[in-house]
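Values quoted throughout were computed directly from the atomic coordinates according to the rules given, and no laboratory measurement underlies them. Quick caveat, the model's predicted, so the values are computed rather than measured. No Cβ is skipped: glycine too gets one built from the backbone with ideal geometry, and neighbour counts run over all protein chains shown.
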Amino acid sequence: MGAIPLLRIKEAVNARSIHPNIRAFFIAGRSRFVRRGTVGMKNTVATFQEMKQKGEKISMLTCYDYSTAKLMDEAGVNSLLIGDSLGNVILGYEDTLSVTMEDMIHHTAPVARGAKNALVIADMPFMSYQASVYDAVTNAGRLMKEGRANAVKLEGGAAVCEQIRAIVDAGIPVCAHLGLTPQSINAFGGHKVQ
């Protein structure tokens, strides 16, 4: 398939015909964020472990569609996250709580098709893993099988350790999300870092 010629990317950046976040990424200088040599090489959990051991930075950008995924992937971004924030920025919801598994699968699949090298991580939406270990594994499996994600991300710490263990035991890589946890907006009375 080949990479998008750098000239076309520069033209798009200069013409402001791409999303402002992607434009900022290119203007800031790709070399600051992207591991050299990753274009053409699939990023995996093992790749990330190696990068961490070497003290290398790992780039991750949020993405919700095929075209953006293709641009980010060919630019050498190490990982693409399909966040449940798509509820706010794509679907127009007030918060992330209304995002469904079907929404996540619908947006994960085209990103996975556009990303040949980046590790694709799909967010597990609210109540897709909290109720039971069974739900957690089943829904993580759906994101991998139907959405073609390479890993899943879920919010929480000690309260979801059992779910994380079961998902990992099923052969599905997990990216944990600590700190600002938007799915807990009602429990914490707003967006507050925990």
ask   = Out of residues 5 or more away from residue 153 or on other chains, whose amide H comes under 5 Å of its own, with H placed 1.01 Å from N in the peptide plane?
value = 122, 123, 124, 175
Peptide ranges 99-106, 138-145 listed from the most packed, as the mean C-beta count within 10 angstrom indicates = 138-145, 99-106
message = Could you tell me the relative contact order of the range 79-171? Use alpha-carbon pairs under 8 Å, at least six residues apart, and round to a whole percent.
response = 29
query = Each label point is 7 Å from the Cα along the Cα-to-Cβ direction; what then is the distance between the points at residue 41 and residue 176, in nm?
reply = 2.8
remark   = Once both label points are put 7 Å beyond Cα along the C-beta direction, the residue 94-residue 145 separation in nm becomes 3.6
